[in-house]
Structure formats: structure tokens, C-alpha cells
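Trainee: Please read through the structure below; I'll follow up with questions.
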Amino acid sequence: MNSFIEWLNKHLVPVAAKISGVRWLVALRDAFIAIMPAMMAGSIATVLNALVRDIPTKFGWLGFVNSMQWLIGINAMVWTGTLAILGLIFSFTFGYQLAVQYKVEPITGGIVTLGTFIMSLPQNFTGTLTKSLSAGATKILTDSGMAVAGKKVTAWGYCYDPSMVVR
């Protein structure tokens, strides 16, 4: 056992020491640690919804599911405030922790990273229609800034909503 510990101290500890000195890795570690409460709360809400909504529904216990709607609604709000926006939370926290490592203003680092993350999200829409549009519908879409070419519709700054696809 002592020879194994000596081997670890000789070969692994120096590598781990070098890795622990890399600023962005330390910031990455600290960012994940900082978002852990949000991840845990969202995970608990997800598990509770599985236990009071999904599993009972599979067994046809709809009366139980209906009586637990108050908890299902709370869990949905918790999920929305945690896991649904985890990318936003993490991007801010990583920028914050990286700024701490480089000893600059942390809030500014978090805001810049969050803004960069949001800028990287797609801002366009491309959809394929299942049937051709009338000339009036095509004019309405082009007047609103969309490009219509045959059955393909493209726009910038629109959110995709599948219920709006013309069938």
C-alpha cells in the first residue's frame, strides 16, 4: 500500500498540482460548484413530478394526479427557474468565477459572458411549408420581413413555434 501511495505522490500529484493551477479550470470548477444548489432544486422538482405525475399516470391513477396538481405546478415553476435556464446561470457564473481568477471586476465578467452566450444563440427561423401559400399570405409574410421561396420560409429574429406552421 505504501508503494502505491509513493507512486501516486511521484507521478500523479505533480500533474494534479499543475492542473489545479490553470485559472480557467479553477473557474470552471468553481462555477459548477456555484450552480449546484440550482441543479439540486431542479432535480428534486423533476423527481417529484415523476413520482406524483408521470408514474401514477402510467398506472391510470388520474384521481391522485388531479389531487396533486398544486405540487405539479410548483415543481414546474421550480424547474423553469432552475434547469430550464441552467445555461444562462452557468454562463454568468463561469464569467464571474473567471474574472475572480484574473482579479478583475467579477460582475462585469459575468455580464459579458452572459451577453456573449445570448449572442451565440440562433436568431433566425427556417421552416418548410407542407402546402403552398396564396399570394396574399405570401405578401403578408414578406411584408413582415420574412423571405418566402416556394415552400421554404426564412426570417431573422423570429422564434420557432410549430403550431404556426401552415399545413
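The values are calculated or read from the model by the stated rules, or taken from the named source; none is laboratory data. In this text the structure is predicted, and so the values were computed from the model without any measurement. As a convention, Cβ positions derive from the backbone with ideal geometry for all residues, glycine included, and neighbour counts pool all protein chains shown.
Trainee: Could you grab me the full set of residues in region 104-144 that are part of a loop (DSSP other than H, G, I, E, B) and at pLDDT below 95?
Mentor: Of everything in region 104-144, those that are part of a loop (DSSP other than H, G, I, E, B) and at pLDDT below 95 turn out to be 120, 121, 122, 123, 129, 130, 131, 132, 133, 134, 144.
Trainee: What helices (runs of 4 or more DSSP H) completely inside region 37-99 contain at least 3 residues that are of a type in the set (S, T, N, Q)?
Mentor: Where helices (runs of 4 or more DSSP H) fall fully within region 37-99 and carry at least 3 residues being of a type in the set (S, T, N, Q), they are 69-81.
Trainee: Given the residues 80, 93, which is the only one that is without any contact (Cβ under 8 Å) to a residue 24 or more places away in the chain, surrounded by 12 or more Cβ atoms within 10 Å (Cβ to Cβ) and either touching a Gly at 6+ places or on another chain (Cβ under 6 Å) or not charged (D, E, K, R) (or both)?
Mentor: Only one candidate qualifies: 80.
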